[in-house]
Every structure is written in structure tokens, then in C-alpha cells.
Amino acid sequence: MLLLISSVEGAGLSLIIRRKHRNHGHAKERLLLKKTSPRQRIELQHKALVFMASMIAKVFLMAMVSSHVFCGSIDPTVVFMQCGANAAFMGGSVAAVALMGIVFGHYIVRLKSFNDIFPQVMKTDFIVTALYLGVVFIAPESIATRVMIWLLGMWIIGMVLAPFSKERTLFKKVTEYGSIAALGGFIAVQVIPIPVLEGYDSSSGLGMILSSILATFGGGRSK
């Protein structure tokens, strides 16, 4: 009888100890969540801010190239006074880029596959966008159509492909910097008139778009 009572008391004591340990573990998990949640929210807001800055640059770039394509000039006087009905096409192009940025940005800042590569991908994206912006101010007639094609969805392809093979850092580093250098070369061919290369105009335009996509893909690495 005494042995039975002792065994029951021992089982009850061990059950109480296990419950205390379990409660203590839950309390620690809740405390860790409280500590890490604000940091995670700040990181998410920071990523959203960086992506929004990139989209503002892209929307401005689309306004420049679409005004030249549909209105024949990037001069605001021509766009607002003389463009007429074509201004609606320009506005629609700008709105399409903004809408793509809102929808795609909602997912890219939350996907875990972008957590360790997001800074590098956005850095490459900013470089490509800056290259296009610089040339649009100098010679919009040379690359306006190609830039519109890139802005209407091609940039998304590069970002979607960025998380693949992100552990192959050397391969992706060569792809990134090689594509940026190639993009600069293709842009130079479009801007600087070289009679020997005039017959390769369409090929250089395709090379610009492919280089832009591959540069962003190569940026998808953690180092």
C-alpha cells in the first residue's frame, strides 16, 4: 500500500515538474516573439521602402520613354499641350508599371527566399534602372522602345529568377557584373552612331533586355 501511494505521489510530482518546464518554455517562446517581432516589422518596412524607391524610379523612367514614344518628345510643354489623345496611352503605360510594382512588391518583400538576397538584388536593379535613366535624358530616341519593353514586365522576370542557384556565388557574381558591362556596351552601341554596327540594331536591342534580366538574376546571391 505504501509503495502504491509513493508511486502515485512520484508520478504526480513528475507531472507537475513537466508542466512547469513546459510553461516556462512557452513563456520563453512568447518573450522571444515579443523581442523579435518589432525587428521583423522594421525589416519588412525597410524592404518595402527600398522597393518603393525602385518603383518610383521605374515609374519616372516610364513617363520619360512613353512620352517620347507616344508624344514625340520628353518636353513637358509638348506632353501636356500638344500630345492630345496620345497622352492617355502614356498615362496608361505609367499606371501599368505602378500597378505591377504594387502587386509584385507585395509578395517580394514577404517571400522568405528573398530574405538573404534582397539587398544584392535591389542594388543590381538600381544600377540597371540608373543606366537607363542616364541615357533617356541624353538620347531618348535611341532606347525608348527597348526600355518600355523592359519596364512592361521584363524586370519582373529577372527578380523572379534571382533566388535560383543563389548558393553558386561565383557563377552569379560573374553573371551579374558581366551582364552590367554588356548592358553598358549595348547602350553605347545604341547611343553612339557606329556605321559598321548599324545593321545589328535589333540584335543590340535584344541584348539590352537579356542583359538587364541576367544582371538581376546574377544579383540573387547572399555574398
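Nothing in this text is a laboratory measurement; each read-out follows from the coordinates by a stated rule. Remember, predicted model here, so these are calculated numbers, not experimental data. Don't worry about glycine lacking a Cβ; one is built from the backbone with ideal geometry, like all the others, and counts go over all protein chains shown.
Worth pointing out:
- Neighbour-count ranking [beta-carbon atoms within 10 angstrom, fewest first] of Arg110, Arg146: Arg110, Arg146
- Per-residue Karplus couplings for the range 69-80, computed as 6.51 cos²θ - 1.76 cosθ + 1.60 with θ equal to phi - 60°, are listed in order as 5, 8, 10, x, 6, 9, 5, x, 4, 5, 5, 8 Hz, Gly and Pro entered as x.
- For the range 38-218, the residue among Gly72, Ala215, Met159 whose Cα projects farthest onto the positive side of the dipole built from Cβ charges is Met159.
- The charge dipole of the range 38-218, taken about its Cα centre with unit charges on the Cβ of Lys, Arg, Asp and Glu (plus for the first two, minus for the last two), comes to roughly 820 debye.
- Scattering profile of the range 51-123 at q = 0.19, 0.24, 0.25, 0.26 Å⁻¹ [log10 I(q)/I(0), Debye over alpha-carbon scatterers]: -0.75, -0.98, -1.03, -1.09
- Taking other Cβ atoms within 10 Å as a rough exposure proxy, Tyr177, Tyr107, Tyr132 sort from fewest to most as Tyr107, Tyr177, Tyr132.
- Computed from the Cα positions only, the extents of the range 38-218 along the three principal axes stand at 51, 39, 19 Å, in decreasing order.
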